[in-house]
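Engineer: I am attaching a structure below and will ask some questions about it afterwards.
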Amino acid sequence: MALTRIGGPATAAMPSLPQVRAVSNELCSWKYLVGKRAIITSSKSWLLEVRRGGLRSSRRLRSTGENSDSSTPSSQNGEAQPSAPPSKPPPSPSPPPVPSKTGNRIVALVSAAAAVCLFLANRGAGVGPNLSELSAKAMPYEEAIHNGKPTVVEFYADWCEVCREMARDVYSVEEKYRDRVNFVMLNVDNSKWEAELDEFGVEGIPHFAFLDGKGNEEGNIVGRLPKKYFAENVDALAKGQETIPHSKAVGQFSDAELRQSPRMASPRTHG
């Protein structure tokens, strides 16, 4: 705004209306700018305060965590002891398995196989015939003492336990020497052989009498004895030796006096 000097000191001329409006607009724009700056300044201050508040909150949370950590039990080295894991409930027992048809078949097959193995084992152990079968294979006494071969005469009884026990050993030796030696079996319960019982002095059974090819007795063994006694004597007879290695051997035997009452024998009976 220009100043006009009129004769005396300078005085301010009255501004025109356009000038007033221009100044007023300029002042409003300055107020707007100042206000905008104030708003921006206040916004920056608010953001700064928010950031400061967040920093205080984070510091407060950190200090709270440190305090809670300090309250946990620690070991001697200062390290925190881990808490014990929660115990698990014991597992419930599983129900017993239900046998299936396949399992039953397997059990049946195993049982059958075991029975067959047991049967074969008994056969392999040398289970021979019983006394009745041995007697059926024996040679008649009258034929044996006249054919010129050495002879083994066995006195036995069906009730004699020792006779039954020795049947297996007797059978195995007979099968080996049957073509060279006669084997005769005389049942003491048969009254037909009373004279032979007295002739050979039979008091206990089983009683084995060993005869040479002429019918002369070389010796006898009585009762339960090792198999070799019987086998070695038979082998000596088969070889035609004048003596046998075991001529007077006695083991555990059954009393011949316990035999049953004498009975008549059929014409075919030789045992």
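Engineer: Once fully extended, how much extra length lies between GLU133 and GLU161, figured as 0.36 nm per residue of separation less the alpha-carbon to alpha-carbon distance? Walk me through the intermediate numbers first.
Structural biologist: Working: separation 28, 0.36 × 28 = 10.08 nm, distance 1.60 nm.
My answer for the length gained is 8.5 nm.
Engineer: In addition: Stretched out fully, how many nm does the piece from SER191 to GLU175 gain, at 0.36 nm a residue minus the Cα gap? Don't skip to the end; give the middle numbers.
Structural biologist: Numbers: separation 16, 0.36 × 16 = 5.76 nm, distance 2.87 nm.
Here the answer is 2.9 nm.
Engineer: Same structure again: When the convex hull of the Cα atoms of region 215-259 is projected onto a plane and the area is averaged over all directions, what value comes out in nm²? Display every interim value, and only then the final one.
Structural biologist: Details: hull surface 15.3 nm².
One quarter of the hull surface, i.e. the mean projection, equals 3.8 nm².
Engineer: Counting pairs on different chains as well as pairs 8 or more places apart, how many Lys pairs in region 131-258 have Cα atoms under 20 Å apart?
Structural biologist: Counting lysine pairs in region 131-258 gives 15.
Engineer: Among the aspartates and glutamates, which have Cα under 17 Å from the Cα of LYS101 when same-chain residues fewer than 8 positions away are ignored?
Structural biologist: none
Engineer: Using 0.36 nm per residue, how much length does the chain from ASN104 to GLU142 gain when fully extended, once their Cα-Cα distance is taken away? Let's see the in-between values first.
Structural biologist: Details: separation 38, 0.36 × 38 = 13.68 nm, distance 6.03 nm.
That pair, ASN104 and GLU142, stretches by 7.7 nm at full extension.
Engineer: Could you list which residues have their amide H under 5 Å from that of MET185, counting only those 5 or more apart in sequence or on another chain, with H placed in the peptide plane?
Structural biologist: Here the answer is MET139, GLU154, since their amide H atoms fall under 5 Å of that of MET185.
Engineer: Residues with amide H under 5 Å of GLY219's amide H, sequence separation 5 or more or different chain, H placed in the peptide plane at 1.01 Å from N; which?
Structural biologist: Counting only residues 5 or more places away or on other chains, the set is PHE210.
Engineer: Quick one: in region 131-258, what % of C-alpha pairs are over 22 Å apart?
Structural biologist: Values: 2083 of 8128 pairs.
Roughly 26 percent, rounded to a whole number.
Engineer: Percent relative contact order of region 131-258, based on C-alpha pairs within less than 8 angstrom and at least six residues apart? Intermediate results must be reported in sequence, preceding the final value.
Structural biologist: Details: 236 pairs, mean separation 37.5, N = 128.
The value is 29 percent.
Engineer: Non-local amide H neighbours of GLY204 (under 5 Å, H modeled in plane, Pro and chain starts lacking H): which ones?
Structural biologist: ALA256
None of the figures in this text is laboratory data; all of them are computed from the coordinates on show. Since the model is a prediction, treat every value here as computed from it, not as a measurement.
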